[in-house]
Amino acid sequence: IYPRPDGSVFICGEALDDPEMPPHNPFEPVYSKRATGRLKQIVNDVSSTLSFDMIQYGLACHLPVHAKGIPVISKVPSSKGLYIAAGHGCWGILNGPATGLAISELLVDDECVSLDLSSFRLDRWY
């Protein structure tokens, strides 16, 4: 749940088991009644102030998440000068600034000193 400066609220969540989700085409987002209903229930459970009386739009689409649920923030070992920072899922909004700092340190200094990236290395899984 992310309040925005214009007074609107952005709400997102994972619907990995939702049969309405498109299985293979990330370029064809769909509206999922099931996922939207689940988000409404979550909002009602955690906030008495927010209301779903006025939904501007609903959208279900693919969310890049690693199978282990941990983002990949790493050099790509087999390619010189190639880095990856992906798979944050819904946590990308929160973790994006730290990931940006880590990647910028890798790009500029060839090492990250602000964060321990050992748990996020690409070669841990591939």
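Which one of these does Leu115 not meet: (1) part of a helix (DSSP H, G or I); (2) modelled with pLDDT of 90 or more?
(1) is the only condition that Leu115 fails.
For the stretch 1-52, give me each residue that is under 20 Å from the mean Cα position of the chain (by Cα), modelled with pLDDT of 75 or more and either among the basic types (Lys, Arg) or open to solvent by 70 Å² or more (accessible area, probe 1.4 Å) (or both).
Ile1, Pro3, Arg4, Arg34, Arg38, Lys40, Ile42
Could you list, in sequence order, the residues of the stretch 102-125 that are more than 21 Å from the chain's Cα centre (by Cα) and not charged (D, E, K, R)?
Result: Leu106, Leu107, Val108, Cys112, Val113, Ser114.
Could you identify the single residue in Ile103, Ile55, Ile70 that is of a type outside the set (Ser, Thr, Tyr), modelled with pLDDT of 80 or more and either in a strand (DSSP E or B) or open to solvent by 50 Å² or more (accessible area, probe 1.4 Å) (or both)?
Sole residue among the options that is of a type outside the set (Ser, Thr, Tyr), modelled with pLDDT of 80 or more and either in a strand (DSSP E or B) or open to solvent by 50 Å² or more (accessible area, probe 1.4 Å) (or both): Ile70.
The values are calculated or read from the model by the stated rules, or taken from the named source; none is laboratory data. Please read all numbers here as calculations on a predicted model, not as lab measurements. Protein only, heavy atoms only, side chains kept; ligands, DNA and RNA dropped before computing areas. Shrake-Rupley method; radii C 1.70, N 1.55, O 1.52, S 1.80 Å.
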